[in-house]
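The structure appears below as structure tokens.
No lab work stands behind these numbers, since they all come straight from the coordinates. Remember, it's a predicted structure, so these values are computed and weren't measured experimentally. Cβ: placed from backbone, ideal geometry, glycine included. Neighbour counts: every protein chain shown.
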């Protein structure tokens, strides 16, 4: 029973890490669609982090992305955004270097504004 639970948790963690670029791209697209920025005005995101104990045991990772509003209706109620993102992690454990495969993602977002028109 314990091994099955461990396996499920491990698969969930792998699925989360693998899909992170897609999630970040979709989030950037939705933010762009909801923003007050003009159509085609890019929005950039850079994220990074890491840690370690010494030169033999450390890790680091990062993501970069770009998103923009690609369409907005004449009355401003409807808007669509698109985004792309890329990320990778790397490090050393007990002197052995490792790095993940690059993770790429694309996303789209749609916003409808309720209430008064602009």
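Highest mean first, the peptides 41-51, 23-33 sorted by other C-beta atoms within 10 Å per residue fall in the order 23-33, 41-51. Counting 0.36 nm for each residue step from residue 66 to residue 112 and taking away their Cα separation leaves a gain of 14.4 nm. Where in the range 91-114 is the amide nitrogen less than 18 Å from a point lying 7 Å along the Cα-to-Cβ axis of residue 57? It comes to 91-98, nothing else. For the range 23-88, a/c is not less than 1.5, where a ≥ b ≥ c are the root eigenvalues of the C-alpha gyration tensor, and a/b tops b/c. That puts it in the prolate class. Length gained on full extension, residue 22 to residue 78, computed as 0.36 nm times the residue gap minus the Cα-Cα distance: 17.9 nm. With the simple spin-label model, which puts each label point 7 Å out from Cα in the Cβ direction, the residue 47 to residue 97 separation comes to 2.7 nm.
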